[in-house]
Amino acid sequence: NAGVMQNPRHLVRRRGQEARLRCSPMKGHSHVYWYRQLPEEGLKFMVYLQKENIIDESGMPKERFSAEFPKEGPSILRIQQVVRGDSAAYFCASSPPGQGYNEQFFGPGTRLTVL
Amino acid sequence: GEDVEQSLFLSVREGDSSVINCTYTDSSSTYLYWYKQEPGAGLQLLTYIFSNMDMKQDQRLTVLLNKKDKHLSLRIADTQTGDSAIYFCAEKSGSSASKIIFGSGTRLSIRP
């Protein structure tokens, strides 16, 4: 049973480009969460999605960031017109439906570097 | 607001016990977690405790919760070099079905 998968593991973008980060939850999990970790800091919640629905996006920056979790395929975190301050590790987590809210399983992260 | 605080560094001798402390502010926390992050890796859930418990033991790990003082600790017995990592304390509020609030992490280093 594969864990949460994220790709790419490392992503380099120049300022102004777009970054697309992908997350495949664990098998059977229908809840996906995105977190951002700035250097030397803890993880900060960004968004919580279920299939085709954004449930809580209270941690998402108002501009340039968007997330989706389509009916088929991975969850995507999209950052448009990246800036240097977007350089961070982005972690995805998943949990099963129903009463699984208490435990989130994390992927290995995507490390985004903006030049 | 919700906040989780922990010290940044801890150094212990191999074979000794490590105690990592954490305080949180949200009185409605339902679950409290300890995650381990090794260099360049994701987060591994070590253990978690429900807020109506005051202690949980799992092999070398002991979690103590003082709900009155909003204080959580993780004790690692017989610390080994493989325990070197960053340890994150985190909590989930009863009012939120989604987000987990993380501390900034405690970097544990092991001396020979």
* Structure fact -> Only one of (1) away from chain A (no Cβ under 11 Å); (2) without any contact (Cβ under 8 Å) to a residue 24 or more places away in the chain does not apply to residue B:110, and that is (2)
* If we scan region B:60-70, do we find a residue that is of a type in the set (D, E, K, R) and at pLDDT 95 or above? -> yes
* Asked: Do the conditions hold for residue A:76, that is, is it within 13 Å of chain B (Cβ to nearest Cβ) and aliphatic (A, V, I, L, M)?
  -> no
* Failed item, numbered, when residue B:7 is tested on (1) within 14 Å of another protein chain (Cβ to nearest Cβ); (2) more than 14 Å from the chain's Cα centre (by Cα); (3) surrounded by fewer than 18 Cβ atoms within 10 Å (Cβ to Cβ); (4) touching a residue at least 24 places away in the same chain (Cβ under 8 Å) -> (2)
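Can you work out which of the residues in region B:1-32 that are assigned to a strand (DSSP E or B) and β-branched (Val, Ile, Thr) is farthest from residue B:107 (Cα to Cα)? Don't jump to the end; show me each part of the working.
Keep residues of region B:1-32 that are assigned to a strand (DSSP E or B), which gives B:4-6, B:9-13, B:18-24, B:29-32.
Narrowing further to those that are β-branched (Val, Ile, Thr): B:4, B:12, B:19-20, B:23, B:30.
On the way: B:4: 16, B:12: 11, B:19: 12, B:20: 10, B:23: 16, B:30: 25 Å.
Among residues in region B:1-32 that are assigned to a strand (DSSP E or B) and β-branched (Val, Ile, Thr), the one farthest from residue B:107 (Cα to Cα) is B:30.
Condition check: within 27 Å of residue A:14 (Cβ to Cβ), at the interface with chain B (Cβ under 10 Å from one of its Cβ atoms), surrounded by 15 or more Cβ atoms within 10 Å (Cβ to Cβ) and under 13 Å from the mean Cα position of the chain (by Cα). Does residue A:106 satisfy that?
Details: within 27 Å of residue A:14 (Cβ to Cβ): no; at the interface with chain B (Cβ under 10 Å from one of its Cβ atoms): yes; surrounded by 15 or more Cβ atoms within 10 Å (Cβ to Cβ): yes; under 13 Å from the mean Cα position of the chain (by Cα): yes.
No; evaluated as a whole, the condition is false for this residue.
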* In region A:35-53, how many are more than 10 Å from every other protein chain (Cβ to nearest Cβ) and modelled with pLDDT of 95 or more? -> 1
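Closer than 18 Å to residue B:24 by Cα, out of contact with any Gly (no Cβ under 7 Å at 6 or more places or on another chain) and assigned to a strand (DSSP E or B), is that true of residue B:108?
Details: closer than 18 Å to residue B:24 by Cα: no; out of contact with any Gly (no Cβ under 7 Å at 6 or more places or on another chain): yes; assigned to a strand (DSSP E or B): yes.
Considered against the rule, which asks whether it is closer than 18 Å to residue B:24 by Cα, out of contact with any Gly (no Cβ under 7 Å at 6 or more places or on another chain) and assigned to a strand (DSSP E or B), residue B:108 comes out as no.
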* Residues located in region B:28-45, provided they are among the aromatic types (Phe, Trp, Tyr) and either surrounded by fewer than 20 Cβ atoms within 10 Å (Cβ to Cβ) or over 17 Å from residue B:6 (Cα atoms) (or both) -> B:31
* Asked: Among the numbered criteria (1) more than 11 Å from chain B (Cβ to nearest Cβ); (2) without any contact (Cβ under 8 Å) to a residue 12 or more places away in the chain; (3) more than 24 Å from residue B:31 (Cβ to Cβ), which single criterion is violated by residue A:98?
  -> (3)
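For region A:54-73, enumerate the residues that are closer than 13 Å to residue A:30 by Cα and more than 14 Å from chain B (Cβ to nearest Cβ). Steps first, answer last, please.
In the first step, residues of region A:54-73 are kept if they are closer than 13 Å to residue A:30 by Cα; the result is A:54-55, A:68-73.
The answer is A:68, A:70, A:71, A:72, A:73.
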* Residue within region B:59-71 that is under 14 Å from the mean Cα position of the chain (by Cα), surrounded by fewer than 12 Cβ atoms within 10 Å (Cβ to Cβ) and either among the acidic types (Asp, Glu) or more than 20 Å from residue B:29 (Cβ to Cβ) (or both) present -> no
* To do: State whether one or more residues within region B:83-96 are under 25 Å from residue A:40 (Cβ atoms), of a type in the set (D, E, K, R), within 14 Å of chain A (Cβ to nearest Cβ) and surrounded by fewer than 19 Cβ atoms within 10 Å (Cβ to Cβ).
  => no
* Go through region B:10-23 and give me each residue that's more than 27 Å from residue B:92 (Cα to Cα) and surrounded by 16 or more Cβ atoms within 10 Å (Cβ to Cβ). => B:12
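The values are calculated or read from the model by the stated rules, or taken from the named source; none is laboratory data. It should be emphasised that the depicted structure is a prediction, and the values quoted were computed from it without experimental measurement. Counting neighbours? That spans all protein chains shown, and the Cβs are built from the backbone with ideal geometry, glycine included.
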